Amino acid sequence: MKHHNPPGHLRAAAAALLCALCMHLAQAQAPVPGRAPQAPAAAPAQISRDAQRAYETTRDKLVQIRTLLRNSNTQASVGSGFFVSANGLIITNFHVASQLALEPERYRGVYVPVDGKEAEVELLAFDVRNDLALLRVKTPATQMPQLAFRGADRPLARGERIYSLGNPLDIGFAVTEGTYNGLVQRSFYPRIFFGGALNPGMSGGPALDDAGQVVGVNVSKRLDGDLLSFLIPAEFAQALLAKAASAKPITKPAHAEVARQLGEHQALLTQKFTAAPLTGQKHGGYSVPVPDDALARCWGRGREPDFKAFDLERTDCQIDSHVFAGDFNTGYIRLRYEAYDAPRLGPLRFAAMYSQSFGNEYFSTRGSRKATPAECSERFIETGGMPMRAVVCMSAYRKLPGLYDVSVLTMSVNQSTRGVQGRMDAQGVSFDNGLKLVAHYLGGFKWEAAP
């Protein structure tokens, strides 16, 4: 594998991480066909009336949120929002208003109600982890209409009807209806599984119950399925409103506040990952660490038919903990494995193929607008009776101080025609937590007697 290792503090940091890791491991391992039947004719008519009622009673509290380039006054992004106070406070998504937080000198915000009369808004606060933002109309009317939140003493029941409102694809205000299906499994933060349609432009709009009270905020959908959409529970919007209703407008780039909130996220992510025991996944005599099923989704592929001369099995695990941080996502952990068994190749041919696979792994050594170039350190270590080659790479976030992307690539080196390769990527973590994550990961590898 080719690694560019220019001198610098990140290279030194990566080397220090591996040195500390070697000591940690040495101490830790001391002796120890048909069409569906049609619904009754009356049912669609009733649903339509309910949806119409939800729209008619909400339309004056529903708004479109636009960000505009200050110089050209052209539209840069659109989303939805809704009034939550008589003095013109509006809830929307952070990803709708992020340009107002990070580049207020270049962008300004406006809201457009159903009547189409545009007016300016200002950003008061945001919750990065829950993708929420609180805006305020700059010159509100004496009394603005507002939506009420459903009380915590009335939890939603599975199958309960929900009505989602917004301005999809900037073509007009609309209402879609669906059902409450509980909370999403394995979601790092609570998200409502909405069995209904959300489309781009509806982000930040309200989701209502039959009584017209807010139960959630539109946030996202799955692109690989139908009617698989997600809402932020209303309690988080209520918390942001209670905290920041009287806050002063944000007029300067808020990178420090974004970094602070992401710091809280990565601390919680690290704590949960290192506290949960890693499960040993067996590949011949090897045991590789995979996260607990309650924390991460893992997918595997075995005995790939394209490879005739050897057996190859793959595993890919990821924690659903992405956080939107402006123009990119961060704050997640991903683990990948490849297990090789090639007795017919012979040691020399296997070594060439095995090393080539290791060398195909990519680390950004050119950097980007988001992060500095990756700097790497490589060592041979032993953990769980398994000698391994390990490469640790780090890159620093340019505008979010104290946060790094950390990657570790491993390769077993104890068998002549068999081996495992693994990789863990942790996005947006502190240096100290990067060390903890790498140590926890590498400590899960073991060599056991072949069955």
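Below, the figures for the structure above:
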item	result
Filter result (at pLDDT below 95, buried (at least 18 other Cβ atoms within 10 Å of the Cβ) and in a loop (DSSP other than H, G, I, E, B)) within segment 210-262	Leu228
Test for Val290: is it touching a helix residue (DSSP H, G or I) at 6+ places or on another chain (Cβ under 6 Å) and in the same structural domain as Leu435 (by TED's automatic domain parsing)	no
Residue match in segment 349-371 (condition: part of a strand (DSSP E or B) and more than 25 Å from Gly284 (Cβ to Cβ))	yes
Filtered residues of segment 425-441 (kept if part of a strand (DSSP E or B) and buried (at least 24 other Cβ atoms within 10 Å of the Cβ))	Ala426, Gln427, Gly428, Val429
Only one of Tyr404, Tyr441 that is closer than 30 Å to Val258 by Cα, under 19 Å from the mean Cα position of the chain (by Cα) and of a type in the set (Phe, Trp, Tyr)	Tyr404
Residue list for segment 404-424, filter: small (Gly, Ala, Ser) and assigned to a strand (DSSP E or B)	Ser407, Ser412, Gly419, Gly422
Pick from segment 316-354, criterion of a type in the set (A, V, I, L, M) and more than 16 Å from the chain's Cα centre (by Cα), ranking: modelled with the lowest pLDDT	Leu345
Given (1) at pLDDT 50 or above; (2) farther than 30 Å from Thr365 by Cβ; (3) out of contact with any Lys or Arg (no Cβ under 9 Å at 6 or more places or on another chain), number of the condition Gly88 does not satisfy	(3)
Those residues of segment 306-337 which are assigned to a strand (DSSP E or B) and either over 25 Å from Gly428 (Cα atoms) or of a type in the set (S, T, N, Q) (or both), in sequence order	Asp311, Leu312, Glu313, Arg314, Thr315, Gln318, Asn329, Thr330
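The values are calculated or read from the model by the stated rules, or taken from the named source; none is laboratory data. Since the model is a prediction, treat every value here as computed from it, not as a measurement. Neighbour counts run over all protein chains shown; Cβ positions are idealised from the backbone, glycine included.
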